[in-house]
Ligand SMILES: C[S@@+](CC[C@H](N)C(=O)[O-])C[C@H]1O[C@@H](n2cnc3c(N)ncnc32)[C@H](O)[C@@H]1O
């Protein structure tokens, strides 16, 4: 039996608002021109802001008005704008700055535009569009690679804040950060845990950025940097192995291979700390479900439920030891089986 459509005007309105994809692009552009940085001393007219940022005043006004409608900046008097709580984190000096969070790079956007291909075939649209997997493409495109790593790391200050108190770090003299990116998470960890030493492994073209990050944090004396491939091998000698937002990039076969390489490198008593967004059941907002679709379009991996993590560890000769959920990400801990 066909039921008649239910009419809920509020729902129709909310749905049409979701079609307005200008917001992330407008945020990207105000970040590119450091508009939030120009408002740190208080409200300013669009005319002044345009002069300071090298932009076209009437156009900047249109973008700022659109964002103000979403609570990002406020028009306090005609054509005069100020920062709001949601605009503050777009400042470059904000301790939880997210201005790198919106890279919106053409290769990614073109893959999103081809999501219909993924839905038909189950394949990763990025690979089909660019003829190779994400990280291989990034290796040949240094500018985009740096933008990608910075966006992946932009939430690290926030994650560190919730994660450090949630984990028992005692007994970890040496931590191996597997796929550690530019090292911002590890640098933050080493600053908070002054007794700890570390090894960071990432692809050779990615680790070139790591020394500057460690130097800025004043921790370079406690961290060795290794350029390598975790699909082949992982450094030995860790009391613990950290894999933060790494496994969701990979299908089960390759995620298990990475963990088997960790298993081969670790001692019987070493710990494995996986930091990820666990995919939860139920209909609530769940970053694990959002990341899952991102992994589908771009990386060819997927996020996992707690039960899926348990099976993945078992396939790699590990045993899940516990899960700590924090307001940002979860820590899924494992040991040797
Ligand atoms: C989503 S980023 C996470 C970075 C970092 N762990 C963090 O959370 O800030 C995934 C990382 O895996 C690295 N990666 C991808 N393939 C790799 C490989 N075969 N060997 C080593 N690292 C790899 C990427 O370069 C990237 O830095």
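You can think of it this way: the chain between residue 131 and residue 94 has 9.5 nm of extra reach, that is 0.36 nm per residue less the Cα-Cα gap. Scaled against the 2.2 N^0.38 Å expected of a compact globular protein of N residues, the Cα radius of gyration of the chain reads 1.10. Sorting 99, 222, 232 from the fewest to the most surrounding beta carbons within 10 angstrom yields 232, 222, 99.
The helix-based estimate of mean residue ellipticity at 222 nm for the chain, built from -39,500 (n - 2.57) per DSSP H run of four or more residues and divided by its residue count, is -11500 deg cm²/dmol to the nearest 500. For region 170-274, what does the alpha-carbon gyration tensor say about shape, rounded, prolate or oblate, given a ≥ b ≥ c as the root eigenvalues, a/c under 1.5 as rounded, and a/b over b/c as prolate? The shape class here is oblate.
The slack between residue 112 and residue 76, meaning 0.36 nm per residue of separation minus the straight C-alpha distance, is 9.3 nm.
Fewest neighbouring Cβ atoms within 10 Å first, the residues 253, 153, 79, 88 line up as 253, 88, 79, 153. Spin-label point model (7 Å from Cα, Cβ direction): what's the residue 11 to residue 51 distance in nm? Calculated label separation equals 5.3 nm.
Residues 226, 275 in ascending order of nearby Cβ atoms (within 10 Å, fewest first): 226, 275. Maximal additional length on extending the residue 4-residue 231 stretch stands at 76.4 nm, based on 0.36 nm per residue less the C-alpha distance. For region 292-307, backbone nitrogen atoms closer than 19 Å to the point 7 Å from residue 260 Cα along Cα-to-C-beta are found at 301-302.
Based on C-alpha pairs under 8 angstrom that are at least 6 apart in sequence, region 151-336 has a relative contact order of 21 percent. Specify whether the C-alpha gyration tensor of region 151-336 places it in the rounded, prolate or oblate class, a ≥ b ≥ c being the square roots of the eigenvalues: rounded for a/c under 1.5, otherwise prolate if a/b is larger than b/c and oblate if not. Here region 151-336 falls in the rounded category.
Considering only alpha-carbon pairs that sit under 8 angstrom and 6 or more positions apart, the relative contact order computed for region 9-90 is 28 percent. The alpha carbon centroids of region 6-61 and region 99-173 are separated by 24 Å. Measuring nothing but how far apart in sequence close Cα pairs (under 8 Å, 6+ apart) lie, relative to its length, region 169-257 scores a relative contact order of 37 percent. The label point for residue 65 and the one for residue 121, both projected 7 Å from the Cα toward the Cβ, are 4.4 nm apart.
With a ≥ b ≥ c the root eigenvalues of the C-alpha gyration tensor of region 54-167, is it rounded (a/c under 1.5), prolate (a/b larger than b/c) or oblate? Oblate, because a/c is 1.5 or more while a/b does not exceed b/c.
Laboratory data are not the source of any read-out in this text; all were calculated from the coordinates shown. No experiment lies behind these values; they were computed from the predicted model shown. Neighbour counts run over all protein chains shown; Cβ positions are idealised from the backbone, glycine included.
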